[in-house]
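Inspection log for the structure reproduced underneath, given as structure tokens.
Values quoted throughout were computed directly from the atomic coordinates according to the rules given, and no laboratory measurement underlies them. For clarity, every value in this text was computed on a predicted model and none was experimentally measured. Reconstructed Cβ throughout: ideal geometry from the backbone, glycine too, with neighbour counts over all protein chains shown.
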Amino acid sequence: MSPEIITFLLAMTPVGELRLSIPVALSTYQLACPVAYIISVLGNLVPVLFFLLFLDPASSWLSNNFTIFDKFFSWLFARTRRKHGDKIKKYGYPGLVLVVAIPLPITGAWTGTLVAFLFGIKFKKALPLITTGVLIAGAIVTSLTKAGIAIEKYFGYEVLLAVLGFGILVWLLYHVFSKHL
């Protein structure tokens, strides 16, 4: 299989998305930045289109035809809106863009699509918001990957690992101490 197809398929995965496909495309396959970026963004948006179009009709059909699904979806929507409704009201549509744009675990296009579905954000609103988030995430991941490749090339693997380790440490400390501030 060609590197471009592998990159596209990696971008479609729910856990990796373009956070996986761009680094693989740039470091393993040495694809050009614009090629890796475009293929990854397009691959990341394929499942978004599919789920935005079919998740609501599928859940409605299941709820209408099977009592267990009706109970499940009713519980899921009520629980999600109860636990996270304040955040959605506070941040609104920019919050959806941020959920997709920040390339961290449990964020991304798949999560953004699920958020849009659970909070009833319609296709015409959700698709541009999620696409914007994917474009931003792609730019962030591409920049960080190129920086990592440059650090490794000029300073060695040890320095790259030290920089990554320091970044993770700062992130962990921030999350531990931000709760106490």
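A few remarks follow.
- Hits in the stretch 14-26 - residues which are surrounded by 17 or more Cβ atoms within 10 Å (Cβ to Cβ) and more than 16 Å from residue 102 (Cβ to Cβ): 21, 23, 24, 25, 26
- Selected residue (only one of 40, 60, 2, 27 is of a type in the set (S, T, N, Q), farther than 15 Å from residue 140 by Cα and touching a residue at least 40 places away in the same chain (Cβ under 8 Å)): 27
- Under the condition of being in a helix (DSSP H, G or I) and either farther than 16 Å from residue 135 by Cβ or touching a His at 6+ places or on another chain (Cβ under 8 Å) (or both), the residues counted in the stretch 1-24 number 12.
- The set of residues from the stretch 148-178 being touching a residue at least 40 places away in the same chain (Cβ under 8 Å) and surrounded by fewer than 10 Cβ atoms within 10 Å (Cβ to Cβ) is empty.
- The stretch 108-147, residues that are part of a loop (DSSP other than H, G, I, E, B) and free of Cβ contacts under 8 Å to residues at least 12 places away in the same chain: 120, 122
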